[in-house]
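The values are calculated or read from the model by the stated rules, or taken from the named source; none is laboratory data. Keep in mind it's a predicted model, so treat the numbers as computed, not measured. Reconstructed Cβ throughout: ideal geometry from the backbone, glycine too, with neighbour counts over all protein chains shown. Accessible surface is based on the protein model in full, side chains and every heavy atom, while ligands, DNA and RNA are left aside. Shrake-Rupley method; radii C 1.70, N 1.55, O 1.52, S 1.80 Å.
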Amino acid sequence: MKRVIVGLSGGVDSSVAAYLLKEQGYEVIGLFMKNWHDDSVTVSDECPWLDDSNDALLVAEKLGIPFQTVDLSEEYKERIVDYMFNEYEKGRTPNPDVLCNREIKFDVFLKIALSLGADYVATGHYCRKDTVIKDGKEVHRLLEGKDPNKDQSYFLCQLSQEQLAKTLFPVGELLKPEVRDIAKAQDLVTANKKDSQGLCFIGKVRLPEFLQQKLQPKQGNIVEISPSEKKYQRERPQFASKRDELEFLSNKYSYDINDGKVVGKHQGAHYYTKGQRKGLAVGGTPEPLFVIETDVKTNTIYTGQGKRHPGLYRKALFIAKEELHWVRDDLKLAVDEELEVMARIRYRQPLDKATLYMVDSGVYVVFENDQSAITEGQFVAWYIEDELVGSGVIS
């Protein structure tokens, strides 16, 4: 009998994952990961991880499976929180959920599970895995979940073949309402529990307040750039090479304070991210202001009116070689090769046609349609049909 350790989070998805595995004849053990317990920055008095671990325990008791809690907050602080501060300081916007999966759930947690004699770990993620034989070798494929509204493959875009080999995703074949129905039928305490929002570790934390612990507030200018700014009318030059063209397309606009007018003050450029609309506290414009660029060196935020502002849009992006990741090693591109894919630059965004161009320093991703708010530090993930084959950090 194969042993599976389920990451029970106290939510409905992982509860049903544990139930399904038990039904399928696995020996199931529930493990709750405690990643965070700095209550000084949670927003309300409630202590979400305590409620969650109680719910996880109740589910384990109901299913008659052993249960324990592991405290991973040390590793969490080191690998996720410190990384986040670093990225924000550099003026990039990290994605803690993608990182938490790569570094905590499918690394630290996976190693603990294997040390407990597990054959697999399982989570409540909405995605699927299958295994095919290619050139006599097993290749694990990471596939979108069956529920198009819930597909979470994007969050797993940094997993490796070694990690996938040891992982099961029992709810990936189901739609969310079916998962809730199973939980109700089994009378699991989590059946009607709302889906958790917020970062995968801090429960209900307000990001600026969290960041303020490390990054000191300092006042700077909010500058508004006109949509008719002449740099948006740039002529497309004749390119000497494909490489020059790729570089031109992926270059972002750069601004200085004289390109626009100062419309307000902010408390720190590193608290803002591209495409952000809330939190600017500048009124009186016909259309709302969106952040189109932040400059942490001069501590300036550049904004533009309306979500169609040309400063928000770009057709291409670049990923440095060291931040490029292939879930499918066997599909890696060699220099000068290209690949047609479907890609997204954030969770929940519809997939869009794109072409990858491999160069010696990394890969260019050129989209068929202009993308809004391409954000450094976030992940771009690419798919072939319903399979996620690779990803990278936007540079």
- GluC sites (Glu not before Pro) within segment 219-252, DSSP loop, no more than 10 other Cβ atoms inside 10 Å: Glu235
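Which whole-number value in Å² is the accessible area per residue of the chain, probe 1.4 Å?
Numbers: 18640 Å² over 395 residues.
Here the residues of the chain average 47 Å² of exposed surface.
Computing the accessible area with a 1.4 Å probe over protein heavy atoms, can you report the carbon and sulfur percentage for the chain? Present the calculation step by step, with values, prior to reporting the outcome.
Working: 8910 of 18640 Å².
Ligands and nucleic acids excluded, carbon and sulfur give 48 percent.
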- Name the residue, out of Lys150, Lys278, Lys307, whose mean-square fluctuation peaks in a Gaussian network model built on the chain with Cα pairs under 10 Å. Lys278
- Task: Could you tell me which of rounded, prolate or oblate describes the chain, using a ≥ b ≥ c as the square roots of the eigenvalues of the alpha-carbon gyration tensor, with rounded for a/c under 1.5 and, failing that, prolate when a/b is larger than b/c and oblate otherwise?
- Result: oblate
- Relative contact order for segment 232-307: what is it in percent, counting Cα pairs under 8 Å that are at least 6 residues apart? 23 percent
- Message: Just to be sure I understand the model, the point goes 7 Å from the Cα along the line to the Cβ. What's the resulting Lys252 to Glu27 distance in nm?
- Response: 5.1 nm
- Set the Förster distance to 51 Å, then compute FRET efficiency between Asp51 and Glu338 from the Cβ-Cβ distance, nearest 0.05. 0.55
- Note on the structure: Under a 1.4 Å probe, counting only protein heavy atoms, Val263 has an accessible area in Å², nearest 10, of 40 Å²
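Rounded, prolate or oblate: which fits segment 227-365, taking a ≥ b ≥ c as square roots of the Cα gyration tensor eigenvalues, rounded meaning a/c under 1.5, else prolate when a/b beats b/c?
On the way: a/c = 2.25, a/b = 1.79, b/c = 1.26.
Prolate, since a/c reaches 1.5 and a/b exceeds b/c.
State the extension gain, in nm to one decimal, for the chain segment bounded by Arg3 and Asn369, taking 0.36 nm per residue of separation less the distance between their alpha-carbons. Write out the running numbers ahead of the final one.
Working: separation 366, 0.36 × 366 = 131.76 nm, distance 4.63 nm.
That works out to 127.1 nm of additional length.
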- Task: Calculate one ³J(HN,Hα) per residue across segment 118-130 by plugging θ = phi - 60° into the Karplus curve 6.51 cos²θ - 1.76 cosθ + 1.60, and present them in order as whole Hz with x for glycine and proline.
- Result: 6, 7, 9, 10, 9, 9, x, 5, 8, 7, 10, 10, 9
- Query: Between Glu173 and Ser160, what length in nm is gained on full extension when 0.36 nm per residue of separation is reduced by their alpha carbon distance?
  - Reply: 2.6 nm
- Under 17 Å Cα to Cα from Lys218, which lysines show up? Leave out anything in the same chain fewer than 8 places away. Lys90, Lys265, Lys297
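Which length gain, in nm to one decimal place, applies between Leu116 and Thr69 when the Cα-Cα distance is subtracted from 0.36 nm times their residue separation?
15.6 nm
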